[in-house]
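Enquirer: Before I ask anything, let me first share the structure, which is written out below as structure tokens.
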Amino acid sequence: RLDYLWFLGYGLDDAIPNHSVLSKARRRWGPEVFESIFLRSVSQCVERGLVGGKRLHMDGCLVDADASQGSLVKSDPEMVEHLRAAYAMQERKLECPSVEPIVPSGNDEPPV
């Protein structure tokens, strides 16, 4: 995606990191450090106006599961309820008509 390449400072011909870099970083640094880096990155995007929280985008690609029936673990009922509540909150955002449309400013410069 060209927008992601631009945002991350990559050119069209630059080599980009493999998607496994995030998993390796999480294993190497631990979940606490990884989460703090992730949260700091998101807050910097919010501060610079790149993330506003008014829209929700999700990836809808289908991915084949790589799990056996024997590896499935029954979820904690408390966790299931938490996930249902979080999903309902996200679903309400999709139904909210108060989202303002993005109107081009006529300025072709990328955001700073």
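Enquirer: Could you derive backbone 3J(HN,Hα) for segment 18-26 from the dihedral phi with the Karplus parameters 6.51, -1.76 and 1.60 (θ = phi - 60°), listing whole Hz in sequence and x where the residue is Gly or Pro?
Expert: Here the 3J(HN,Hα) series is 6, 4, 6, 4, 5, 5, 5, 5, 4 Hz.
Enquirer: For segment 1-83, which whole-number percentage of the solvent-accessible area (1.4 Å probe, protein heavy atoms only) is attributable to carbon and sulfur atoms? Don't jump to the answer; show the numbers that get you there.
Expert: Details: 4680 of 8070 Å².
Within segment 1-83, the accessible surface is 58 percent carbon and sulfur.
The values are calculated or read from the model by the stated rules, or taken from the named source; none is laboratory data. This one's a predicted model, so the numbers in the text were calculated from it and none came from an experiment. These area figures cover heavy atoms from the full protein model, side chains too; ligands, DNA and RNA do not enter into them. Shrake-Rupley method; radii C 1.70, N 1.55, O 1.52, S 1.80 Å.
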